[in-house]
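S.K.: Questions regarding the structure given below will be posed in turn.
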Amino acid sequence: MTIIIIMNKIKHLKLNCLAIAFFAFSVNAVFAQIARRAETLKSPDGKLLISFNFSDLKHVSYAFTAYGKTLIGPSALGLDSLNQIGFIQASHRSVNTVWKPIWGKRTIVPDQFNEITIDLKAYKIVARAYNNGFAIKYQLPAGSRRSRDLTQFNFSGDYTAWFYNGELHNIGPEKLTEVDGKRLPVMTVKADDHDYMAIHEADLEQGEPLILESKKGSKNFTIASKANAAWRVVMYGRTPGELVDSHMIELLSPPPAKNIDFSWVKPGVAVWDWRINGAKVDNFEYKMSLPSWKRMVDFAAQSSMRYLMLDADWYGPEFAEGSDPVKGGKVAQVHEIITYAKTKGIGIWLYINDVGGRKYPIEQTLKQYSDWGAAGIKYGFMIGDPEDKNIRTRLITELCAKYHLLCDFHDGPVHPYGQMRTWPNALTREYGPAQLDAHRVVAPKTFVTEVFVNMLAGPIDMNNGLADLTQAGRVDEPSPVPSTLVGEAARTLIMFSGVTVIPDIPENYKKHPEILEFYASEKMPWRESKTISGVIGEYISMARQSADGTWLVGAATNEEPRDLEIPLSFLSKGNYRATVIQDSKDSDYRTHKEGYTSKELNVTSGTKVRVKLAPGGGACIILKKTN
């Protein structure tokens, strides 16, 4: 009997142990499942970390750490009304390749990132980590409708920010807790002297462009625009110049379709007929007509420039519904200048207003321009809300690609978001205050702010490059421009654009041969680009290598005079001849605008060139290798 009782106790003990073991296994399995609901994503170099938490599937979040410092704290992710979610799996992949753009800041762009896809059943969160930032987007099953975008940017400190502000000076510097209301991207953020970020979007196929919002006293920014399928992008740099040199926005956009040939796309410098109108020289008065166009074409050909851009009213008053964009006004003269320009190797751009673009069939109009032999179009004053504008901009860009036409969108366009990769014919757009029209609201500080804000979105047409800064005698806006002659030249190099449109008459450029040589040396596509130094709102210095191997440097400052040291470490080994052009001692954007000095130096990659920048001025350097 005793033996049976003992055996029964042993039996029950075994069963209890098995039950405890099974319970422990179940608990561990639950904790393991919860643990799997926290994922991390690192940049290829390991310096940046994005952590995801979706253990509570109703509140998915992320956080961003750079070089061990948390810059964005736990921030919401997801889409509202799609809360019937459940974790399925998380998958990882890595990419290490290169992008060779037809044109851009450089000829070879590393495309290296780590990616995670978190499948939440109702939708997927896809995130990519680059060495200079990260991006997040949502993928929905076919047929699903997007709801409100819950993505937040909950910054860890009361950082300083600047924002795009249409055709006005940028908003900022502004503390995050001072922001009260909606703001437009690009949003550039300084966390400290070694941590900079920029918030934007990439690959906006459809939907409303990004709008950010915050409440006074908060450091958390939400998305006020309707949800779309674009990437939410956080660019990162140790300096503001690293943001300028980034390619994240383009890399997040798809490459061009393989069946479309873009070998005909040629970036370059263009002369322009809009600002010459009314200028008088040598008993000749410039007008927007054939005799003046021929003079401009001859000058472009002599100066190694690529295009002449014809602006408004060539087919009749641009806002008149009766102005036919293929039959009206000076169409016969346009035919003649296109034919004449071809004999000189110069392409002609044609302006079209949105009135004529809508009143007449747009595809037939663009095909006609292509048949005439035009090189591109400048499209102005597009109507509609930002979502409508995006749809129409994409339509026109694609039609232009079909008919081998380049594109320049002006007058409040949709912000760039990487189109130049998918559609390389999208060379530029007026994303900000072009100084010739907006001199009432811009100042020298505007330029050295927008290069760190607006220009992060993509290529921009600002129409810098005047030679007569008084604009005396012009029919339209005959008012002084807030810059110096050298500052104007430097700005054309610094401002990234697929077509650099300079606005003055040939005779004014010919007065300044060193400055003219600088413009003539801007041969695109660029082989390489590098922001040498800069402080947001204060100054910037930039180096770009032309298609023929010549290096060019441009520096620009705000209202303060400045001494800069330009290290030439970007040069390859060997000896170079440097032409250094800088403001004269008495130069000032408010008074003596056109004074400058020029000198020649023998330099190497170890040389540091010192330049003096006048208030509102700049400096230019041409570097040619010697035998």
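S.K.: Residues LEU493, LEU469: which one is touching a residue at least 12 places away in the same chain (Cβ under 8 Å), surrounded by fewer than 24 Cβ atoms within 10 Å (Cβ to Cβ) and more than 20 Å from TRP349 (Cα to Cα)? Outline the logic, then answer.
M.R.: Values: LEU493 fails: surrounded by fewer than 24 Cβ atoms within 10 Å (Cβ to Cβ).
Only one candidate qualifies: LEU469.
S.K.: What tally of residues in the range 306-327 results from selecting those that are under 29 Å from the mean Cα position of the chain (by Cα) and either charged (D, E, K, R) or buried (at least 23 other Cβ atoms within 10 Å of the Cβ) (or both)?
M.R.: So the answer is 7.
S.K.: If we scan the range 78-92, do we find a residue that is within 30 Å of PRO424 (Cα to Cα) and either part of a strand (DSSP E or B) or not assigned by TED's automatic domain parsing to the domain that holds GLU242 (or both)?
M.R.: no
S.K.: Criterion first (part of a strand (DSSP E or B), aliphatic (A, V, I, L, M) and under 18 Å from LEU436 (Cα atoms)) does VAL486 satisfy it?
M.R.: When the stated conditions are applied, VAL486 does not pass them.
S.K.: Given the conditions (1) part of a strand (DSSP E or B); (2) in contact (Cβ under 8 Å) with a residue 40 or more places away in the chain; (3) out of contact with any Leu (no Cβ under 8 Å at 6 or more places or on another chain); (4) not polar (S, T, N, Q), and given that GLU208 satisfies all but one, which numbered condition is not satisfied?
M.R.: For GLU208, the failing item is (1).
S.K.: List every residue pair whose Cβ atoms sit under 7 Å apart, with the two residues 6 or more apart in sequence or on different chains, where the first one lies in the range 289-303 and is within 17 Å of LYS342 (Cβ to Cβ) and the second, anywhere, is polar (S, T, N, Q).
M.R.: Correct list of pairs: LEU290/GLN333.
S.K.: Consider the range 331-342. How many of its residues are more than 35 Å from the chain's Cα centre (by Cα) and of a type outside the set (Gly, Ala, Ser)?
M.R.: The number of residues fulfilling the criteria is 2.
S.K.: Consider the range 230-266. How many of its residues are in contact with a strand residue (DSSP E or B) (Cβ under 6 Å, 6 or more places away or on another chain), assigned to a loop (DSSP other than H, G, I, E, B) and not charged (D, E, K, R)? Explain how you work it out, then say what you get.
M.R.: Quick first cut of the range 230-266, residues in contact with a strand residue (DSSP E or B) (Cβ under 6 Å, 6 or more places away or on another chain) only: 230-237, 240-241, 243-249, 251-253.
When the remaining residues are screened for being assigned to a loop (DSSP other than H, G, I, E, B), the result is 230, 245-247, 252-253.
Add one more test, that the residue is not charged (D, E, K, R), and what stays is 230, 246-247, 252-253.
Qualifying residue count for the region: 5.
S.K.: If you check PRO433, PRO361, which single one turns out to be closer than 22 Å to PHE319 by Cβ and free of Cβ contacts under 8 Å to residues at least 12 places away in the same chain?
M.R.: PRO361
S.K.: Here is a follow-up. From THR177, THR160, THR117, which residue is under 23 Å from the mean Cα position of the chain (by Cα), on the phi < 0 side of the Ramachandran plot and surrounded by fewer than 21 Cβ atoms within 10 Å (Cβ to Cβ)?
M.R.: Result: THR160 is the single residue among THR177, THR160, THR117 that is under 23 Å from the mean Cα position of the chain (by Cα), on the phi < 0 side of the Ramachandran plot and surrounded by fewer than 21 Cβ atoms within 10 Å (Cβ to Cβ).
S.K.: Anything in the range 602-618 that is among the aliphatic types (A, V, I, L, M), in contact with a Phe, Trp or Tyr (Cβ under 9 Å, 6 or more places away or on another chain) and not in a loop (DSSP other than H, G, I, E, B)? List them, or say none.
M.R.: Scanning the range 602-618 gives VAL603, LEU613.
S.K.: In addition: Just for the range 139-157: of the residues that are modelled with pLDDT of 95 or more and among the hydroxyl-bearing types (Ser, Thr, Tyr), which one is surrounded by the most Cβ atoms within 10 Å (Cβ to Cβ)?
M.R.: The residue in question is THR151.
S.K.: Also: Restricting to the range 139-166, name every residue that is of a type in the set (Ser, Thr, Tyr) and in a loop (DSSP other than H, G, I, E, B). Full working, then the answer.
M.R.: Quick first cut of the range 139-166, residues of a type in the set (Ser, Thr, Tyr) only: 144, 147, 151, 156, 159-160, 164.
Hits for the range 139-166 are SER144, SER147, THR151, SER156, TYR159.
S.K.: Which residue out of ILE136, ILE125 is assigned to a strand (DSSP E or B) and touching a Gly at 6+ places or on another chain (Cβ under 9 Å)?
M.R.: ILE125
S.K.: Go through (1) surrounded by fewer than 16 Cβ atoms within 10 Å (Cβ to Cβ); (2) in the same structural domain as ILE116 (by TED's automatic domain parsing); (3) out of contact with any strand residue (DSSP E or B) (no Cβ under 9 Å at 6 or more places or on another chain) one by one and return the number of the condition GLU208 breaks.
M.R.: (1)
S.K.: I want to confirm something. Restricting to the range 246-281 and keeping residues that are surrounded by fewer than 16 Cβ atoms within 10 Å (Cβ to Cβ) and either under 18 Å from GLU528 (Cα atoms) or among the basic types (Lys, Arg) (or both), which single residue is modelled with the highest pLDDT?
M.R.: Per the stated criteria, the residue is LYS280.
S.K.: Would it be correct to say that VAL475 is out of contact with any Cys (no Cβ under 6 Å at 6 or more places or on another chain), assigned to a loop (DSSP other than H, G, I, E, B) and surrounded by fewer than 24 Cβ atoms within 10 Å (Cβ to Cβ)?
M.R.: Yes: the conditions hold for VAL475.
S.K.: Looking at LEU613, is it among the hydrophobic types (A, V, I, L, M, F, W, C), surrounded by fewer than 16 Cβ atoms within 10 Å (Cβ to Cβ) and either touching a residue at least 12 places away in the same chain (Cβ under 8 Å) or not assigned by TED's automatic domain parsing to the domain that holds ARG106 (or both)? Write out each step before concluding.
M.R.: Working: among the hydrophobic types (A, V, I, L, M, F, W, C): yes; surrounded by fewer than 16 Cβ atoms within 10 Å (Cβ to Cβ): no; either touching a residue at least 12 places away in the same chain (Cβ under 8 Å) or not assigned by TED's automatic domain parsing to the domain that holds ARG106 (or both): yes.
No.
The values are calculated or read from the model by the stated rules, or taken from the named source; none is laboratory data. What you see is a predicted model, and the numbers here were worked out from it, not measured in a lab. Neighbour counts are summed over all protein chains in view; Cβ atoms, including those assigned to glycine, are modelled from backbone coordinates with ideal geometry.
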